[in-house]
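The values are calculated or read from the model by the stated rules, or taken from the named source; none is laboratory data. Since the model is a prediction, treat every value here as computed from it, not as a measurement. Cβ atoms come from the backbone with ideal geometry, glycine included; neighbour counts cover every protein chain shown.
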Protein chains: 2
Amino acid sequence: MNFLEERILKEGRVYPGNILKVDSFLNHQIDIELIDRIGEAFYEKYKDKGITRILTIEASGIAIACSAARFFKVPILFAKKAKSLNLGNDLYVSKVKSYTFGKEYDITLSKRYLNKGDRILLVDDFLAIGNALHGLIDICSQAGAEVEGICICIEKGFQDGGKILRDEGYDVTSLAIVSEMTDDGKISFKDQTA
Amino acid sequence: MNFLEERILKEGRVYPGNILKVDSFLNHQIDIELIDRIGEAFYEKYKDKGITRILTIEASGIAIACSAARFFKVPILFAKKAKSLNLGNDLYVSKVKSYTFGKEYDITLSKRYLNKGDRILLVDDFLAIGNALHGLIDICSQAGAEVEGICICIEKGFQDGGKILRDEGYDVTSLAIVSEMTDDGKISFKDQTA
């Protein structure tokens, strides 16, 4: 069991509807030491891939992407969920359906900062159905940038997102893959050490 | 002129309506080395204040708050702008009017993570009218937590937010205070060295 799986067992809370709350350390309150360990783990896996930028989506992915970027020594980019009046018109846009918020929204990224030839590491806190990641992949495709890897803190292995992305040929690394959650709060992980 | 002012002069772009875009290094693409220098500057100013948590608001504040928290060795908290289905009911809520997005919204924070006796450093990327910060201050007040300082990257000194907060007695530190922006792109800063 790795450090993230241990922390999930210690502080994660299961709610009906396959909701796993880890907001004491990952996506509301943030434990910096923990996310730095996560960033380092992602770096160890992808350090030889010539990554030029780390791409995530607001808001929960930003802290994790920053910790990873510190090791890679590359800039991070975060796609925005709402079309800010300040963002300008020169944007990549992709449509995403949110499981958490129960609605569809556009994600946007300025064309200035993602270009043909960029080698991108995608980073996010959760992978369930994978809609947000497919939006980011679509934006990379529009830019002509290559997705070299997808780094996830917690994958819900009982939902389809991870399988779909791997079947599409993406190299997905999830530090913790939850194989089962029960309503009485028991959390099981897929054994990735084999 | 400090490192942030220099970077703003080099890469900041002025648009009509007093919009200063710094999205090449601060709030869309993020230069990690720069925000770590910002975090360290905030730490140098408030390291003796017994800070227990750093509080910001999604999304642009998160990266900066994380860099500061790394020096203070405390957790960060970020208030959320939309009421997620997953956040639960046990929330502090405050209403904020957004200048950037032209609408009013609730910000929320779980009551689990902010408590009476907490000594809070507020961190954000911009200070203009100060509405978002007043929302965070309101939440600290609801929790019985003390606001020990307010750390801002870029203050628009020609708008009222900074003056109002200082008149209210808050210790506001802005690394760059823009005193004037002209439509032809000239940016001037308030001299804080005196």
Which of the residues that make up region B:140-159 are touching a residue at least 12 places away in the same chain (Cβ under 8 Å) and part of a helix (DSSP H, G or I)? B:140, B:142, B:143
Which members of region A:1-21 meet the condition of being in contact (Cβ under 8 Å) with a residue 40 or more places away in the chain and either part of a helix (DSSP H, G or I) or not small (Gly, Ala, Ser) (or both)? A:1, A:2, A:4, A:5, A:8, A:9, A:13, A:14, A:16, A:18, A:20
For region B:160-183, which positions are out of contact with any strand residue (DSSP E or B) (no Cβ under 8 Å at 6 or more places or on another chain) and either in a loop (DSSP other than H, G, I, E, B) or closer than 17 Å to residue B:126 by Cβ (or both)? B:160, B:163, B:164, B:168, B:169
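Residues are listed down the side, and each one gets a yes or a no for (1) at pLDDT 95 or above; (2) under 19 Å from residue B:24 (Cβ atoms); (3) in contact with a strand residue (DSSP E or B) (Cβ under 9 Å, 6 or more places away or on another chain):
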position	(1), (2), (3)
A:8	yes, no, yes
A:25	yes, no, no
A:32	yes, no, yes
A:49	yes, no, yes
A:56	yes, yes, yes
A:59	no, no, yes
A:64	yes, no, yes
A:80	no, yes, yes
A:90	no, yes, yes
